[in-house]
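This report refers to the structure that appears directly beneath it.
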Amino acid sequence: MTPSGSAVVRITTLIARPGEREHLLVAAWENASAAARQPGCRSAEVAEDPADPMRVLVISRWDSEREAQAFLVWHKTLAHASLKAFTAEPVASVHYRVDAAAALAVHSEQ
């Protein structure tokens, strides 16, 4: 983890082309699986938006921004190429810093 204790949650939003939702889900799971095998990745999952069946989210949690970026250096070209055929819009990703110490404190209080 970073010295500040900040982990990173990366949320990638994918919008399926009409008729390509199932293909996009398969490609999203392949990308999530690749992320999950990388150093510093705590988890990687695919979620379907219940409000919009064409929207697919890939959510990964990393020990640090540095580790997420190291993965993306080589993966971004491959991932975006494998997703492009199935997406109606460009792939959009956001990284959120998470204070791991605060998250642990909240979890232990429950």
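What follows is calculated from the coordinates using simple rules that are stated; it is not laboratory data. A quick note: this is a predicted structure, and the numbers were derived from the prediction, not measured. So basically every Cβ, Gly included, is an ideal-geometry build from the backbone, and we count neighbours across all protein chains shown.
Tell me, Trp74, Trp29 in order of fewest to most beta-carbon neighbours within 10 Å?
Fewest to most other Cβ atoms nearby, the residues stand as Trp74, Trp29.
Let me know the shape class of segment 1-64, please: from the alpha-carbon gyration tensor, a ≥ b ≥ c as square roots of the eigenvalues, rounded when a/c is under 1.5, otherwise prolate if a/b is greater than b/c, or oblate.
Prolate, since a/c reaches 1.5 and a/b exceeds b/c.
Taking just the alpha carbons, could you work out the radius of gyration and Dmax for segment 6-109, both in angstroms?
14.3, 45
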